[in-house]
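The values are calculated or read from the model by the stated rules, or taken from the named source; none is laboratory data. Predicted model, so just to flag it, every value in this text is computed and none were measured. Cβ placement follows ideal geometry from the backbone for every residue including glycine, while neighbour counts extend to all protein chains displayed. With ligands, DNA and RNA removed, areas are computed over all heavy atoms of the protein, side chains included. Shrake-Rupley method; radii C 1.70, N 1.55, O 1.52, S 1.80 Å.
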Amino acid sequence: MTGALQTGLLLFFILMVCVSEPNMDRAGQSHEAASLVHLTSQWAFQLVNTSLSFSRAESFCRGQFSSLASIDQDEDQDGVRELLLQTGLVLPIWVQDSTKAPVKPLAISKQYLKFSSLNFPKESRDGFARVNMSFPALSSISVCVRVQWDPEWSEVSTIFSYAAPVFTNEFQLRSQVDSQGRILLALIIHGKHMPYKASFPNDGAWHHICVTWTQAGEQWAIYVDGERKDTGSGAETSRDIHGEGIFIMGQDQDSFGGNFTEPFFGNITDMNVWNSSLEARHVRALNGCSSVSREVLFSWSLEQLSRHEVVREMEAALFCPAKNQQMELQGCRTLQSRSSQQPALGLTDCSDLLPFICRSNKERYLKMKLISDSRHSQPTAFMSHVLMHANTTQVSGPSSLVEASVQLDSCVQALEETEEEGLQPVDMVSLIQLLSQTADVPPETGPALTNQSEGQVHKLSKAFISVADSVMSEENALKWQAIKEVVNGPMDVVKSIDRMATSLSARLMAESPHVTIQSSNIKLEVQQQRLGESSTGPNFCGPDTDQHAALDCISVPQHSIQDLHSNGFQTLTLVNTWYGSLRPLFPPEENISMVPTVTDGSQRYLGTVLGSSVISTTVLGDEQPVSTAVHFHLHHRTQSPTGAVYDPVCAFWDFALAPESGGWWNTKGCEVVSKHYSYTVCYCNHTTNFALLLQVYEVQWSPENQRALEVLTFIGCGVSLCGLLFTFVLFIAVGVPKSDRTTVHKNLIVALSVAQLLLMCSDKASANEVMCFLVTALLHLFYMASFCWMLVEGLLLWSKVVSVNISEDRRMKVYYAIGWGLPVLIVGVTLAVSVDEYKAEEHCWLNVKNDTIWAFVGPVVFVLAVNSVVLCRVVMVTVSSARRRTKMLSPSSATKMQTFDLTWAVTRPVLILLPVLGLTWLCGVLVHLSVVVAYVFIALNAFQGLYIFLVYAVYNSEVRNAIKRIKEKRKALSFTNCSQPSGFLPSQRAPVTSWGRYPPTPSSPETSETSGPSSSASTSLVIKNESFRKESLVSFSRPSSGNQVVQLTGFKPSDC
């Protein structure tokens, strides 16, 4: 094809849409685009007035993001009938048969059928088999047979011969080996020898051969393995084949029923004879081991054969191509009449060229029309460069690999030149169409193969992957959302890559048994090997995108490879593909519907997301798709949101599931082998495109545990609140010496008290939306303030351990800015940024389903990290001090004391500092693991106030000393009140040199008061109080001048 024509075809393809497809019918009459489309309430029907084969018609509609119309529903019938009436098209047209199951590779065991066959050994040239029936005169005949040629035989052979009494060479199929090792076939009809042209390889495998002839026009044809290899017309005479003849297998007949001279060596089975000329569709059905509706003249049966004694009976397992075995391939469905009654349907050879109707969703059609209009009126940068490279204004879909290669090369150049501008949604639609159309181009065979180098096929494949990579780039995630009404999704591109790689695998393997094509987001690898007793399946892995992550790999188990070999396969081809950028193209808001796997009530199911790369494998046995089991392991490529856990599920993309939407995820036949932290190992019993689906769960517990935790939280918060209040009152009431440490403690207590009070009241506020929002903001503020003051506690402790040259006044200003200013700033910014998504839906707390929760979690993690460092430093200093003390001990007790001191040096600061540094909140990271951890977390943090009360109030030395001072002050004050004197009486006593306690005197206070002076030279002062008891008399005396002694005597009452 000339360059001008190629470039012209290119641009026309990129610009075409449903309403602008070729609109010339076979008579050359044109129709307006509008008259080719009929819209109903749901569907858009588009008549494509270009005649194509059935498979090409399906490919064309698929490339337009639609499907071949069916008439199984009333709305479809009405739409098709109305469109045909508008256009006046002459029927028939292709229509879809929706009752047929989609084509899938079958298991190996289902692809093999057992046949009874005849072996013609090379040890004897006399072997033959005769059909025991009488043949009538035949105006048409078809003979189909399966043969396995002996590779060591190279002479002329006769596969079968029919001789009549009046003419021996009436109908005969001959074969011979050429210089290239091929088996050539030729017919003899009425004695005329046709040329040796049809062939099959001399590979020792079974091959299906059909020959047809009809007297009308003397038309004949030879089919090999379902494909027409040779055809022609003409014979010596135009007449029927004579009847009453003899049909012989494995020999020619130089005389009627004998004189054999050209024996066949090998195996023959499944020979059938019809008295009609089979069509190509019938031959394809027979090649796939399907039956046909034509009445058979002779059906394969060993009971109806007589054979020479050297011909042995044996059993043969024949491989039947699965694509034809799944259904009886009698032809493709056509609409023959458009009457208002029940439509007349028929079957036509699928290779015939007929017009057809594509059906698409109405919204999709209208969206495509808008894209088309904008594409024509305002070409994008990419489209402009394509036009420049094509040097034309019109392109068409590729009809050959040559055209496809030209179109892809032009697109690759345009992509490179417009890399900065990027692709627009309209460009992506055009490229996806191009990929789909290219994947459906059949590979050339025969003479065309010699004109096309294998290097060009590799170049085409590389350009195909490059274009697909650009379309599937993560940068285009939002653009995929813009075209989702037109394109089913990125799996449409995956399907095109699968079709292209499978179709061209044989061509890619022509030069090398291992071909790898890799781009930034896609890795394609095609491997081929000869099967043997010890064959193993190669392991395919995606690229090493993350050095710390496990590779994504897939492999076929060895036992499956051995099954292929045991069933007669000679070559194995694996087409493996890895897609690294598909996950971002599936929006997380489009939840994947799936039944939860965790049903014990401990977790609440939130949804399912795509959580890995996509990896695929296609297995070809002797170039035929077969289905085998696979093992694969995929790396988890998503981050778990706060408070959520993942459960991996092995799945595959099922294109047959919801075909109107391009398919959906399915788990049938797949199971998890093992789960690991970063990857999961899976097993599936078939081949396709695989991925990991991660089911997202929110941790929750049974109703009993949930209720118990709620009660424990409420009780704990109540007790904690009381403890905090008692602690604060003690700090104020007992007169603890003022210091920066006690000031920080007081602020922490206030923040925690308010936070826990709000937490206790939050359930009651949830009924009112405004109150709930206010409580959420206040909870956020005061819990944030609590952690900020915990950070201040850590900074203050650090300043005590590590010398910091900063005055106490300046330090407290910084502490207040951190403790109260930073929380206000965080809460204010969070409200300003996400006020609409600030609060959770079900309770009064921050929304954990978006990034709002990080306004709390982020600062908390930072505080805990800093305070952990502080605690480690304190422990190190304490241990160092303990070691220095132990060095001062005597050697005999040093070891024992050192162990005790070091243990206490580590334990004491941890116990004291845990509550104020907030390190007990570290348990919250592990809450999702077990309900036991949840109980521990609640116990540690709900009772945090009680813990602070015990450590910083009850067992605080400063508080205890302050209370002791208060007690002493009260004692002194009480003594002063009890010791007021009522009278002072002088008394003469013996000299006393110290304070002493005297026994009571027998005289009363009155007698003592009137007694005369004693002989001693001392003076006593007696404090008289009638309320004193005599047994409590206390005497206080001191020396006086000279020999006088001043003595104070009092009586201590029982209540003082």
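Do we have LEU795 as under 25 Å from TRP845 (Cα atoms), modelled with pLDDT under 90 and not in a loop (DSSP other than H, G, I, E, B) here? For LEU795, the condition - under 25 Å from TRP845 (Cα atoms), modelled with pLDDT under 90 and not in a loop (DSSP other than H, G, I, E, B) - is not met. Looking only at the stretch 666-678, decide whether some residue is in contact (Cβ under 8 Å) with a residue 24 or more places away in the chain and buried (at least 19 other Cβ atoms within 10 Å of the Cβ). No - not one qualifying residue is present in the stretch 666-678.
Being open to solvent by 70 Å² or more (accessible area, probe 1.4 Å) and touching a Phe, Trp or Tyr at 6+ places or on another chain (Cβ under 9 Å) narrows it down to one of PHE726, PHE787, so name that one.
Values: PHE787 fails: open to solvent by 70 Å² or more (accessible area, probe 1.4 Å).
Going through PHE726, PHE787 in turn, just one is open to solvent by 70 Å² or more (accessible area, probe 1.4 Å) and touching a Phe, Trp or Tyr at 6+ places or on another chain (Cβ under 9 Å): PHE726.
If we keep just the residues of the stretch 536-560 that are of a type in the set (Val, Ile, Thr) and surrounded by fewer than 23 Cβ atoms within 10 Å (Cβ to Cβ), which is nearest to ILE465 (Cα to Cα)? It comes out as THR545.
Name the strands (runs of 3 or more DSSP E) wholly inside the stretch 529-612 in which the number of residues that are at pLDDT below 85 and under 30 Å from LYS849 (Cα atoms) is 3 or more.
Values: elements: 539-541, 553-555, 571-579, 603-610.
In the stretch 529-612, the matching strands (runs of 3 or more DSSP E) lie at 603-610.
Is at least one residue of the stretch 494-505 touching a strand residue (DSSP E or B) at 6+ places or on another chain (Cβ under 7 Å), surrounded by 19 or more Cβ atoms within 10 Å (Cβ to Cβ) and without any contact (Cβ under 8 Å) to a residue 60 or more places away in the chain? Checked the stretch 494-505: no residue is touching a strand residue (DSSP E or B) at 6+ places or on another chain (Cβ under 7 Å), surrounded by 19 or more Cβ atoms within 10 Å (Cβ to Cβ) and without any contact (Cβ under 8 Å) to a residue 60 or more places away in the chain.
Screening the candidates ALA463, ALA477, ALA468, ALA482 for the property of being touching a strand residue (DSSP E or B) at 6+ places or on another chain (Cβ under 8 Å) and either at negative phi or modelled with pLDDT of 90 or more (or both) yields one hit, ALA468.
Restricting to the stretch 274-304, give me the number of residues that are surrounded by 22 or more Cβ atoms within 10 Å (Cβ to Cβ), outside any loop (DSSP other than H, G, I, E, B), of a type in the set (A, V, I, L, M, F, W, C) and in contact (Cβ under 8 Å) with a residue 60 or more places away in the chain. Matching residues across the stretch 274-304 total 3. Pull up the stretch 85-123, narrow it to residues that are open to solvent by 20 Å² or more (accessible area, probe 1.4 Å) and among the small types (Gly, Ala, Ser), then point me to the one that is modelled with the lowest pLDDT. The selected residue is ALA101. Answer yes or no: is there a residue in the stretch 512-535 that is open to solvent by 40 Å² or more (accessible area, probe 1.4 Å) and of a type in the set (A, V, I, L, M). No, because not a single residue in the stretch 512-535 is open to solvent by 40 Å² or more (accessible area, probe 1.4 Å) and of a type in the set (A, V, I, L, M). Selection of the stretch 725-741 for residues being out of contact with any Ser or Thr (no Cβ under 8 Å at 6 or more places or on another chain), more than 10 Å from ALA953 (Cα to Cα) and touching a residue at least 40 places away in the same chain (Cβ under 8 Å) yields VAL734, GLY735, PRO737, ASP740, ARG741. For the stretch 681-701, filtered to residues that are in contact with a Ser or Thr (Cβ under 7 Å, 6 or more places away or on another chain), more than 30 Å from PHE65 (Cα to Cα) and not aliphatic (A, V, I, L, M), the residue that is surrounded by the most Cβ atoms within 10 Å (Cβ to Cβ) is GLN695. Among the residues of the stretch 190-247, those identified as part of a strand (DSSP E or B), open to solvent by less than 60 Å² (accessible area, probe 1.4 Å) and small (Gly, Ala, Ser) are ALA198, SER199, ALA221, GLY232. Taking into account only those residues within the stretch 126-166 that are out of contact with any Phe, Trp or Tyr (no Cβ under 8 Å at 6 or more places or on another chain) and among the hydroxyl-bearing types (Ser, Thr, Tyr), which is surrounded by the fewest Cβ atoms within 10 Å (Cβ to Cβ)? Only one residue fits best here, namely SER134. Against the condition outside any loop (DSSP other than H, G, I, E, B), at pLDDT below 85 and either out of contact with any Asp or Glu (no Cβ under 7 Å at 6 or more places or on another chain) or within 19 Å of HIS389 (Cβ to Cβ) (or both), how does THR450 come out, does it pass? Criteria met by THR450. Can you confirm whether the stretch 349-369 contains a residue that is in a strand (DSSP E or B), open to solvent by 30 Å² or more (accessible area, probe 1.4 Å), more than 22 Å from GLY422 (Cα to Cα) and modelled with pLDDT under 85? No, the conditions are met nowhere in the stretch 349-369.
Against the list (1) within 25 Å of CYS684 (Cβ to Cβ); (2) in contact with an Asp or Glu (Cβ under 8 Å, 6 or more places away or on another chain), the condition SER520 fails is (1). All conditions in (1) farther than 21 Å from ALA463 by Cβ; (2) open to solvent by 60 Å² or more (accessible area, probe 1.4 Å); (3) touching a helix residue (DSSP H, G or I) at 6+ places or on another chain (Cβ under 6 Å); (4) not polar (S, T, N, Q) hold for ILE483, with the sole exception of (2).
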